[in-house]
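Below is one structure, written out as structure tokens, with a few remarks after it.
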Amino acid sequence: MPDNEINDLIIKNDTVWLATKSTVSFFNVNTDFLNAVSPLLHFTKLSVNNKDTSFVKELNYDENSISIGFEAISYKSNKRIYYTYFLVHNSDTFTSVTTNRHVEFLSLEPGKYFFSVSARNSTGTLTENPITYQFTVLTPFWKQWWFLGLLAMITLALVYLFTRSRIRSIKEKEQLKTDFNKQLLSLEMKALRAQMNPHFIFNVMNSIQDFILKNDTKSAQKYLTKFARLVRMILDNSLESEVLLNDEIKANCLYVELEQQRFGDKFDFVLDVDEEIESLSLRIPPMLIQPFLENAIKHGIGHLETHGRLLLRVKIIGSDLQIVVEDNGVGRKAAMEWNIHNIRDHNSFGSVLSVKRVEALNATMHTNISLEIEDLFHANGGAAGTRVSLLFSELVQQENV
């Protein structure tokens, strides 16, 4: 109408007549005044990470926060336009209705997206065709199949190399252990032969024969009984990797008694054992003590012009077991010089053998045995004998556990 101010209104038949200041208007009573024209809808902008850009089809994995602008033109709606949009990703759909002319989607996951928006004017008329935008957020390279495949191949290669290296290391350790076991077995056989050396057996037989010739059958029988017991104990112990400490002490005491009788009581023997040891079932490798007793008697006390003294001390120090063999002989230096001048091709067999055996035991049996040989001196600097110390670390603690 030309004017909004109506002065008069007449309805005649199916026609409505309106009179204003300037003119007369009329219209049919069935006239529809609704806004039936579909809104015209279009995209206005695309922003990626707060930066305007064109409507590209592909976005990088880090370009995953977008804002889509759109606008509809609908006369007579007085900007009262409602927008319905939805975003499809895989099987997920997000939809909403808004009067805003832009929407934001933050931190989109990689994949393909389909965006669609339609508009509805104030009288409910929809756009004829929604506008759409299809785009893809690219997958980062570390999530793509070729990179995952490459990573899997590298991982498999590293696992293979590590496994191969580990197997090689285990084989080398096993071989080293086998070599040590062979060496240990050889040393144990040598130790057995050292205990049962021909000179010792020959001297024992001579002593027995001497008792018989003197018609001292009682002493001969006693000596032979001790020797038989010693042989039996040595043979039994040689079959075991560890024996009871009490049994080992008994065998060594029996050996010293035979040597005392053979040497005509040239030396005294002192046995000093902690009382609590008898109540403990401590076990040690066999035939470790005897070579040092033999060296003390043969090379230390044997060259003395005076009466000798031999000490075997077994004591507990904290959680450690200490075994000490000490003599008041001529000392290692004097014994070595005497052997060089009196025994052809002499070789200090017992000490070297014992050191090697301790090393082999520590390597194969995982023991913690330390060996220390010390020369003793008088106040005037003269030789006062030799002390051998065997220390079995944490043996008592393991026993108590």
The pairs in LYS45/LYS143; LYS112/LYS143; LYS177/LYS315 lying past 24 Å Cα-Cα in this model are LYS45/LYS143; LYS177/LYS315
What lysines does LYS171 reach when the alpha-carbon gap must be under 23 Å and sequence neighbours fewer than 8 apart in one chain are set aside? LYS182
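Roughly what % antiparallel, to the nearest 5, for the DSSP beta bridges in region 229-315? Mind dumping the intermediate values first?
Working: 2 of 9 bridges.
Antiparallel bridges: around 20 percent, rounded to the nearest 5.
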Sequence ranges 160-168, 272-280, ranked by mean other-Cβ count within 10 angstrom, highest first: 272-280, 160-168
Separation between the ALA228 and ILE212 pseudo-spin-labels, each 7 Å from Cα along Cα→Cβ, expressed in nm? 1.4
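Can you tell me the dipole magnitude for region 40-143 around its Cα centre, using point charges on the Cβ only (Lys, Arg +1; Asp, Glu -1), in Debye to the nearest 20?
Values: 10 positive and 9 negative charges, 85 e Å.
Charge dipole of region 40-143: 400 debye, to the nearest 20.
In region 40-143, what percentage of the DSSP-assigned beta bridges are antiparallel, given to the nearest 5? Before the final figure, lay out the partial values.
Values: 38 of 40 bridges.
Bridges in region 40-143 are about 95 percent antiparallel.
Want the number for ILE131 to ASN90: 0.36 nm per residue separation, take away the alpha-carbon distance, what's left? Please list the in-between numbers first.
Values: separation 41, 0.36 × 41 = 14.76 nm, distance 1.98 nm.
Gain on stretching ILE131 to ASN90: 12.8 nm.
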7 Å from Cα along Cα→Cβ at both SER393 and ILE201: what's the point-to-point distance in nm? 3.9
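In nm, what is the difference between 0.36 nm times the number of residues separating SER219 and LEU235 and their Cα-Cα distance?
Working: separation 16, 0.36 × 16 = 5.76 nm, distance 2.43 nm.
Here the answer is 3.3 nm.
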Per-peptide average of other Cβ atoms within 10 Å, ordering 253-262, 143-152 highest first: 253-262, 143-152
Run the simple label-point estimate for LYS112 and ARG168 please: 7 Å along Cα→C-beta, distance reported in nm. 5.0
Which lysines have a Cα lying under 26 Å from the Cα of LYS333, excluding residues fewer than 8 positions away in the same chain? LYS190, LYS266, LYS298, LYS356
Give me the aspartates and glutamates in straight-line cross-link reach of LYS222: C-alpha distance below 12 Å, same-chain residues under 8 apart excluded. GLU257
To the nearest Å, what is the center-to-center distance of region 241-264 and region 35-97, using C-alpha atoms only? 102
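Values in this text are rule-based calculations from the coordinates and carry no lab data. From a predicted model like this one, the values you see are computed outputs, not experimental measurements. Positions of Cβ are generated from backbone atoms using ideal geometry, with glycine treated the same way; all protein chains shown enter the neighbour counts.
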